[in-house]
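The values are calculated or read from the model by the stated rules, or taken from the named source; none is laboratory data. This one's a predicted model, so the numbers in the text were calculated from it and none came from an experiment. Virtual Cβ from ideal backbone geometry, glycine too; neighbours counted across all protein chains shown.
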Amino acid sequence: MAIDLDRCTGCQACVVACHVENNVPVVGELEALKGRTMHWIRIERYWEGEYPNIKARFMPVLCQQCTEAPCEPVCPVFATYHNPEGLNAQIYNRCIGTRFCGSACPYKVRVFNWFRPQFPEPLEQSLNPDVSVRERGIIEKCTFCIQRIRRAELDADAEDRVVEDGEIQPACVQSCPSSALIFGDLNDPESRVSQLARSHRAFRLLEVLGTDPAVIYLKGGETNV
Ligand code: SF4
């Protein structure tokens, strides 16, 4: 995935779309005050420049799907692992909730489910049947909407063709009004996301740690890609 920081306006449509698509519960004010917020994608705000020439900037932060993921070797039950497509996957019914992975993740994008999620009527009708409703006591996280990836792959298989570039849109990508998020195959050098990864504006979050993330950010403040 590529994230163009010049385009992000901080509207949080991606956050809402992620909640709805992935059955992520809303924890409410009291739990949030205890630091138990649950978002698979969050928008970080920072300031650029000095007053009065100061600008608010926004940075969407989600699982970076690291190639050298620090969360994977610390899980005692192999609930988190690297799949052949390069995704850092999470097996919910294997997780025993030690939270070692959450501690090891430098991006703090793994969230612990502290309570039994409630979806009071009529909210239960909005649950996505393609995604499990997780129980208390496990870690959950972004998987680039793996259910949408699988659906596109099955559709392409049935039609005897390959998945086209841009065909798979995770909920955050689909909902972003300014097209700040671009999803595609980094193994295909011609894909839009690969082209953006070669931009002089490209950087990876905390790349000094050697995690080799699969999310590429494009620096804000410069317009030519
Ligand atoms: S929906 Fe797009 S513009 Fe809005 S916060 Fe998310 S990435 Fe930024």
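Things to note:
- Residues of region 69-86 satisfying the condition of being at pLDDT 95 or above and under 19 Å from Ala2 (Cα atoms): Ala69
- Qualifying positions in region 38-74 - in contact (Cβ under 8 Å) with a residue 24 or more places away in the chain, more than 15 Å from the ligand (Cβ to nearest atom) and small (Gly, Ala, Ser): Ala69
- Test set (1) touching a residue at least 60 places away in the same chain (Cβ under 8 Å); (2) in contact with a helix residue (DSSP H, G or I) (Cβ under 6 Å, 6 or more places away or on another chain); (3) of a type in the set (Lys, Arg) - Lys141 fails condition number: (2)
- One residue stands out among those in region 124-178 that are in contact with a strand residue (DSSP E or B) (Cβ under 6 Å, 6 or more places away or on another chain) and within 16 Å of the ligand (Cβ to nearest atom): the one that is farthest from Ala13 (Cα to Cα), which is Cys142.
- Selection from region 146-158 of residues that are surrounded by 12 or more Cβ atoms within 10 Å (Cβ to Cβ) and hydrophobic (A, V, I, L, M, F, W, C): Ile146, Ile149, Ala152, Ala156
- Scanning region 159-176 for residues that are more than 17 Å from the chain's Cα centre (by Cα) and either surrounded by fewer than 13 Cβ atoms within 10 Å (Cβ to Cβ) or under 16 Å from Pro60 (Cα atoms) (or both) turns up Glu159, Asp160, Arg161, Val162, Glu164.
- Any pair with Cβ under 9 angstrom, 6 or more apart, that starts in region 88-103 at a residue that is at positive phi and ends at one that is not in a loop (DSSP other than H, G, I, E, B): Gly97/Phe112; Gly97/Ile139; Arg99/Phe112; Arg99/Ile139
- Residue within region 185-206 that is within 16 Å of the ligand (Cβ to nearest atom), under 24 Å from Met59 (Cα atoms) and in contact with a helix residue (DSSP H, G or I) (Cβ under 6 Å, 6 or more places away or on another chain) present: no
- Among the residues making up region 9-31, those that are part of a loop (DSSP other than H, G, I, E, B), within 16 Å of the ligand (Cβ to nearest atom) and within 15 Å of the chain's Cα centre (by Cα) are Gln12, Asn22, Val24.
- The set of residues in region 192-216 being crowded, with 18+ Cβ neighbours inside 10 Å and basic (Lys, Arg) consists of Arg201 alone.
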